[in-house]
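Peer 1: Can you read through this structure? Questions will come right after.
The values are calculated or read from the model by the stated rules, or taken from the named source; none is laboratory data. Since this is a predicted model, take the numbers as computed values, not measurements. FYI the Cβ positions are ideal-geometry reconstructions off the backbone, even for glycines, and counts take in every protein chain you see. The accessibility values were calculated without ligands, DNA or RNA, using every heavy atom of the protein model including side chains. Shrake-Rupley method; radii C 1.70, N 1.55, O 1.52, S 1.80 Å.
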Amino acid sequence: MVDTAMHETAFIHAAEEYTVQEEPYYLPIADEIELFETAYAQRIPVLLKGPTGAGKTRFVEYMAWRLGRPFSKVSARTGVEAEHRKPLITVACHEDLTASDLVGRYLLDTDGTRWVDGPLTRAVKVGAICYLDEVVEARKDTTVLIHPLTDYRRLLPIEKLGQVIEAADGFLLVISYNPGYQSALKDLKHSTRQRFISIEFGYPPKEQETDIIAHESGVARNVAGDLAKLGEKVRNLREHGLSEGVSTRLLIYAGRLIANGVAPRRACQVAVTWSLTDDQEVQRSIEEVVTSIFE
Amino acid sequence: MSIVGELLARHQVRLSGFPAPLQQHYEAGLRALAPRLSPSQLQIWSETGVELTALSLRSWEAAVEYFKAGTVLPENATWDSIEALGREAITMAAESAPLAVSFLRSAPGAIQAVGPNHVRQWADLGRRLYKGNWKSSSLAAQFYDLGPNVFQVMRVGQVSRLVLFIDELSRHSYELASACLSSAPAVLGKLDEGDRLPFIAFAVELAQSSWADSRLYFERGAPLLQKVHGPLRERYLLLAAQVARGHNRSAFQYFEEAAVAFGELEPDDHHKVVELAEQLAPYSSFAAMDFITSVPRVLQRIRIDELEPWQQAGFRILQHSHDGGEAYFRLQSTRGEDILDTLSARVELSKVGEILRLYCKALTGRNLSVQTTASLAEKGIGWVDQQKASTEGTTIFLPEVMERYTEKDENFAAIKVFATHQAARLELGSFDFRFDRSPAVFEDSRPAATEGFTSTAVTDIERFFDLFPDRQLASDLFTVVEDGRIDAAIKREYGGIRRALTRMQKAALGAREDVRRMPLRTAFVENLVRASLDGSDAVLYPRGRAAEMAQGLGLLKAVAVPEAVVEDSGEATMRLYRLALTIPNVFEEQEDGEWDSVEPMDGMEQGGMEGGGEMGGQGGEMQPGDVGEGEEEYQSPDDVDYRGDFKPELVQLLMKLRKDAQGGNAGEMSPTPLTEEQLKELLEKSMDFDLDSLMEGDLDATTGMFMSNLMKEAGTPSQDKDSKKGDPTSDQSSGEGEGEEALVPLITTYYYDEWDFRAQDYKPRWCAVKEQKLDQGEENFYENALREHAGLVAQTRKQFELMKPELFRKIKRLPDGEDFDLDGAIEWMIERRAGVYPNDKIYWRRNKIERDVAVAFLIDMSASTDEEINKREKKYDEDEYDDDPRKYLSWWVSKRRQELTAPPKRIIDLEKESTVLLMTALETIGDQYGIYGFSGYGRDNVEFFVIKDFDEHLDHAIKQRLDKITPIRSTRMGPAIRHATYKLNLTDAKVKILVLLSDGRPQDHGYGRDRTEKEYAIHDTKQALNEAKREGITPFALTVDRAGHDYLKTMCEDMGYEVVADIEALPSRLPTLYRRLTE
């Protein structure tokens, strides 16, 4: 079984203190790891492109873990290298996310107001990787912040405080973007886009996807293979009744259900068919693919 | 002196005043009767005759007939009947002499036919028709004239019903009554004795309800009735009569249709059908008849024993709602359709085609379409079988109906196996055979085989088959090997379908002919087929030859591995071919010829099968097609149904042709396009073409036609139809060129359901909406309209500019936000200090307001919009000139002048102008909008004109189209609204608005029970608006019909509507309304 992170009680981290402790499972498809490492070394911001559930977030986590691996440097304060991990701050962008949500704001305190740094400010200060997920969803004023941070200046202006923060050395901005489902209105502007190198994430090839599903869900490899096959077939329907193919994540969910005793056909129905579409005819077609593959 | 002489003498004086024949006939009659009657009877007879002469001016003619009758009275005529005859004649002659003449003339025959005791009755019947005018008298006379004939086919009681019918009919039309009467004996004569009375009974009903149909009934009724099983005719007529009793004008039509329906059924089933219909009749006689009419069509889909459940389901609906039930039995209800679908075990491709299409697309990753096998055969491109599934590379052809099993699920599973096999051929590359690609399992023996052998082949697979002298055998072997590979792969890859496939394989095995009756080589191939069907048990071969068979089976098995590709099938084919040639095609006669099962030999190159140099049939050991001494001719094995047709040569050819047609992608083998000769050559040698069935007659002509079909097919690559609800079906493929405006309007047809409020159900796919771009007219119109309303334009534009949302608006007093709202923060502080619990809504934030509106304008282009506005206004003007002629004159003169300078405006003109104004406004504000017009006639022809589609920009073409908005025909609003809804749904705007601009109520041919009915159309429109609302669209109806309030209230119950009473105000009103709607 995979570690699905079930803790007795939740761990509470300050945003900038959250680091990836365990090595996340990540199966490289191409040279994306090397690319990212090189980009990081050069402090070139990275744009991750790809459909939902293709592993963008996992990749960032993996890279944070990888970049945070200790170089056996001993900290003067604690004597151990435990704190020398790469902090990762992830912000899921939504349409009401404004610049001040990222930078920070005054909060009311018992005796007045207190400034609280936003996630981006924290990342800039501690030199973390700041990952803005689905960045096009955010309001346009956020780009004002992104631009000076992503070129040679690496500056974060904080208007309300009248400050400008120079980013800590370790800071890197990573954004993700799903070209598939955003409408034309919500395209990434070129002035933003051209500040990043882009790493494309597709769905993994069948063999690798089989490995991923098997690893993540704990199903037998042949079942994982069938799930990967299902994924491949269903993705053939993209643009044809389906706006987006089935994600690896969904296939893993199906796998987990199967691994825990749900009948395969049923598992695929709830995890794949019904999650993908509401169109009855398309559902039925996917169902037929499912019943062809699974007994 | 005899009594005769005495009587003659006595009456001579009285009779002498009349023409001579009278006396002669009297004498003749008297002499003839003398032997039969007593003197006193003779005397009475004579006196009656004489009395007749005196009744009226022409009654002597009746007397002549009376006396004449005396000579010809039949044997059975009793004195009573003779006396009755006389009395009747007198009464009749008193009223109408000609009537009496006819009566008496026919009397002898009638007495003979009807018997002497019924004379009075007969006379009464005729008299019933007599109404005192000459027309009725001639009808009654006609009846008497007909007398004997009628009685030959009918009894008196029946005749009385006939008279009732004729009488009824005569109230409407004497001509018709007369015609029916004269044809009655012939018509009734055709009927069985027992059917006559019911036949007439129905005629009576018909005469009462729709008398005009009586002639048809008399002309066609008898043969129609005979379609019904004998014993049931009466019951059937009773059913039909109930419809007529419902005062329905189309009673005959009901009768006819149902009778025709009976003609299509087995007589044994009639009883059941009538019984079920009788159950319905008390609730609705129409439903009962419609039920009968629908049975043949229903039985195409369900079995006869499923008919009752279907009827019962409809019966239940009927009990609750007459209209619902009637629609159900007319097969015009969606519910009925659903029930039929549930009951029916069979699976129709038309229903599951879309599912299978997506399914196949998922499996193959190609844009496939799914069509019926019949449509493939129709193309005339080499496939001739109407039934067999197949594929030509871009389309999968499946049987239209699957009803192999008694359960729907099983049938679906079966058709899915069919589809899967075809899809797998594409997925696994059965048609991608490449001559120079290496196999994965076998050793490549093709290069060796082709040494010193140049090929002129067009396709790879053709080149491959060219290696084999016996092409038929090679083709069969390749087919079985490849199908075996496909089936094995399906079973391996698609565990879920394994069971259904195995079941079909078993069934296919069971249907095969006995292998032991086949000659050896044929049996060899047959056994391969069996083995490929997973039927190793079914493989039987003579012991003496078991080794070859085992090798063959081993080769077959070798391609059933995951790595195997189509080239492996080719390699296996080569080896099998050589093996097959070593087996003589003779019947097994040796002593050790016991047939036994054979185990496949493992490995693929055994028993001297290696050595690629050894070519099948090459080197002259065996000549192709030669039937050796005592050998049987080789016969291809039977087809396996679910595998269908496999025509690799044809498919490769087609693919190649397509490629050439699409601009000649530098081909791998022949970069130059095919020549006709090459094609012909291919055609003649390939096994894919069943020449026998393809060709009837001239070979050249057939091949020519075939090739042109093939070229055509290749030239038009099948389009992937993107169909959703409201399937667009392209009627014409003209104007495919992109960018350029098509010369011929491109019409796309969409089908929509229609709401029948009586049945409370949809009529499935009832209306055909034909969408097309409106023609282009002058562009001036647009500019003129703008100029004319220049002031208004500026005003609207300004108003709309104000509406443009500020992108960010500051919103205060929020619990969370970008920054403190100073006022709020101060208050908070004060309250805190004062010890009150402070209000913590002290933030502000900028809220983004995005205007995301799509609006569709639907303009009524019905003929009524042609009306001039002035006309409507006139009655209001009238008051002004108070009968003062001078005032009127000056008004008239000014009006004329006005009309000359500017032609009078029509409703449509104002609709158009308003649209122009609104368009400028919309352009200002940036909303997405579409402008559509609709009209049409009847449900099959709802015209939907695109003036501006959502994705089009306002350009010259559109301005020109605006000019062409003209009144056309009717107003079937429902489908137009549904189509506009469909269009709106294609946009991704948050706010969707549908504005309906009309000048009156919805109205169309067949949009309601008859032309005067309004409810049906209004309800359908209302339903269509409701549907739009359910889809999240805001409908708004705007009408310039002053009487609009009454129906708009019903139509738009809880939706917005407005009646613009002053139509001139429309141009200014419309933008205002729109603003209100979206603000």
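Peer 1: Over the range B:377-471, consider all pairs of different Cα atoms and compute the Kirkwood hydrodynamic radius from their mean reciprocal separation; express it in Å, one decimal.
Peer 2: 16.4 Å
Peer 1: Using a 1.4 Å probe on the protein heavy atoms, what percent of the accessible area of the range B:226-337 belongs to carbon and sulfur?
Peer 2: Roughly 47 percent, rounded to a whole number.
Peer 1: Considering protein heavy atoms only and a 1.4 Å probe radius, which residues within the range B:353-369 exhibit an accessible-area decrease of no less than 40 Å² in the full assembly relative to the chain by itself?
Peer 2: Flagged in the range B:353-369: B:ILE355, B:LEU358, B:TYR359, B:LYS361, B:ALA362.
Peer 1: Around B:ARG765, which amide H atoms from residues at least 5 apart in sequence, or from another chain, sit under 5 Å from its own amide H, with H modelled in the peptide plane?
Peer 2: B:ASP753, B:GLU754
Peer 1: Right, something else. How many Å² of accessible surface get buried when A and B come together, counting both sides, probe radius 1.4 Å, rounded to the nearest 100?
Peer 2: 3200 Å²
Peer 1: Show me, for the range B:199-209, the HN-Hα J-couplings you get by feeding each phi into the Karplus relation (A = 6.51, B = -1.76, C = 1.60, θ = phi - 60°), rounded to Hz, glycine and proline as x.
Peer 2: Rounded to whole hertz, the list is 4, 6, 4, 5, 4, 4, 4, 5, 4, 7, 9.
Peer 1: Here's something else I'd like to know. Using a cut-off of under 11 Å, list every residue of the range B:245-269 whose amide N is near the label point 7 Å from the Cα of B:LYS190 along the Cα-to-beta-carbon line.
Peer 2: none
Peer 1: Further question on the same structure: Relative to the isolated chain, which residues of the range A:255-295 have their accessible area cut by 50 Å² or more in the presence of all protein chains (1.4 Å probe, heavy atoms, no ligands or nucleic acids)?
Peer 2: Residues meeting the cut-off: A:GLU281, A:ARG284, A:SER285, A:GLU288, A:SER292, A:GLU295.
Peer 1: Here's something else I'd like to know. Taking the Cα-to-Cβ direction at B:ALA374 and at B:SER597 and moving 7 Å from each Cα, how far apart do the two end points lie in nm?
Peer 2: 4.3 nm
Peer 1: More than 20 Å apart: what percent of Cα pairs in the range B:1-153 qualify?
Peer 2: Distances greater than 20 Å cover 44 percent of the Cα pairs.
Peer 1: In whole percent, and with a 1.4 Å probe on the protein chains, what portion of the accessible area of the range A:206-293 is carbon and sulfur?
Peer 2: Within the range A:206-293, the accessible surface is 45 percent carbon and sulfur.
Peer 1: Which distance in Å, rounded to a whole number, links the C-alpha centroids of the range A:248-278 and the range B:60-99?
Peer 2: Distance between centres, Cα-based: 100 Å.
Peer 1: Counting helices only, and only those DSSP H runs with n ≥ 4, report the 222 nm mean residue ellipticity of chain A as the sum of -39,500 (n - 2.57) divided by its residues, in deg cm²/dmol to the nearest 500.
Peer 2: Helices in chain A give a 222 nm mean residue ellipticity of -10500 deg cm²/dmol.
Peer 1: Once the Cβ-Cβ distance between A:ARG43 and B:ASP823 is put in as r, and R0 is 35 Å, what FRET efficiency do you end up with, to the nearest 0.05?
Peer 2: Once rounded, the FRET efficiency stands at 0.20.
Peer 1: Long-range amide H contacts for A:ALA92: which residues qualify at under 5 Å (H placed 1.01 Å from N, peptide plane, sequence gap of 5 or more or a different chain)?
Peer 2: Residues meeting the criterion, in which the H sits 1.01 Å from N, are A:ASP133.
Peer 1: Just the accessible area per residue of the range A:206-293, please: how many Å² with a 1.4 Å probe?
Peer 2: In whole numbers, the range A:206-293 has 40 Å² accessible per residue.
Peer 1: While we're here: Write down Rg/Rh for the range A:206-293, rounded to two decimals, with Rg from the C-alpha atoms and Rh from the Kirkwood relation over Cα pairs.
Peer 2: Dividing the radius of gyration by the Kirkwood radius yields 0.94.
Peer 1: Given A:GLY261, A:LEU132, A:VAL46, which one lies farthest toward the positive end of the charge dipole of chain A, if we put +1 on the Cβ of every Lys and Arg and -1 on the Cβ of every Asp and Glu?
Peer 2: Towards the positive end, the residue furthest out is A:VAL46.
Peer 1: What accessible area, in Å² to the nearest ten, does a 1.4 Å probe give for B:LYS68?
Peer 2: Here the residue's solvent-accessible area equals roughly 80 Å².
Peer 1: Something else now. Under 5 Å between amide hydrogens, which residues at least 5 positions from B:LEU994 or on another chain qualify, with H placed 1.01 Å from N in the peptide plane?
Peer 2: It is B:ALA856, B:THR1034, B:PHE1036, by chain and number.
Peer 1: Starting from the range B:992-1048, pick out the GluC sites (Glu not before Pro) whose DSSP state is loop and whose Cβ has at most 12 other Cβ atoms within 10 Å.
Peer 2: Sparse-neighbourhood loop GluC sites (Glu not before Pro): B:GLU1013.
Peer 1: Suppose each label sits 7 Å from its Cα in the direction of the beta carbon; what would the A:ALA92-B:GLU443 distance come out to in nanometres?
Peer 2: Each label point is offset 7 Å from its Cα along the Cβ direction, giving 6.2 nm.
Peer 1: What nm value, rounded to one decimal, do you get for the distance between B:THR342 and B:ALA794 when each label is placed 7 Å out toward the C-beta?
Peer 2: A separation of 6.7 nm, rounded to one decimal place.
Peer 1: Another question, then. Given a 10 angstrom Cα cut-off, can you work out which residue in A:ASP117, A:ASP278, A:ASP133 is the most mobile in a GNM of chain A?
Peer 2: Comparing A:ASP117, A:ASP278, A:ASP133 in a Gaussian network model of chain A, the most mobile one is A:ASP278.
Peer 1: Which ³J(HN,Hα) values, rounded to whole Hz and listed in residue order, are derived for the range B:953-966 from phi using the Karplus coefficients 6.51, -1.76 and 1.60 in 6.51 cos²θ - 1.76 cosθ + 1.60 with θ = phi - 60°, glycine and proline given as x?
Peer 2: 9, 5, 9, 4, 4, 6, 4, 6, 5, 4, 5, 8, 6, 9
Peer 1: Right, here's the next one. Which of the pairs A:LYS229/B:LYS388; B:LYS659/B:LYS992; B:LYS408/B:LYS763; B:LYS659/B:LYS948; B:LYS388/B:LYS491 have their Cα atoms more than 32 Å apart in this structure?
Peer 2: Those over the limit are B:LYS659/B:LYS992; B:LYS659/B:LYS948.
Peer 1: Using the heavy atoms of the protein chains alone and a 1.4 angstrom probe, what is the accessible area of the range B:243-301 per residue in square angstrom?
Peer 2: Computed with neighbouring chains in place, this is 42 Å² per residue.
Peer 1: Classify chain A as rounded, prolate or oblate from the Cα gyration tensor: take a ≥ b ≥ c as the square roots of its eigenvalues, call it rounded if a/c is under 1.5, otherwise prolate when a/b beats b/c and oblate if not.
Peer 2: prolate
Peer 1: Given a Förster distance of 60 angstrom, what is the FRET efficiency for B:VAL586 paired with A:SER243, based on the Cβ-Cβ distance and rounded to 0.05?
Peer 2: 0.40
Peer 1: Springs between alpha-carbon atoms under 10 Å, Gaussian network over chain A: tell me which of A:ALA254, A:ALA263, A:ALA14 tops the mean-square fluctuations.
Peer 2: It is A:ALA14.
Peer 1: Compare A:PHE36, A:PHE171, A:PHE11 in a GNM of chain A, Cα atoms joined below 10 Å, and give the one with the largest fluctuation.
Peer 2: Greatest mean-square fluctuation among the candidates belongs to A:PHE11.
Peer 1: Another question about this same structure. Do any trypsin sites (Lys or Arg not before Pro) in the range B:256-305 lie in a DSSP loop with no more than 16 other beta carbon atoms within 10 Å, and if so, which?
Peer 2: B:ARG303
Peer 1: Could you calculate the FRET efficiency of B:ALA212 with A:GLU295 from 1/(1 + (r/R0)^6), where r is the beta carbon distance between them and R0 is 56 Å, rounded to 0.05?
Peer 2: The computed FRET efficiency comes out at 0.25.
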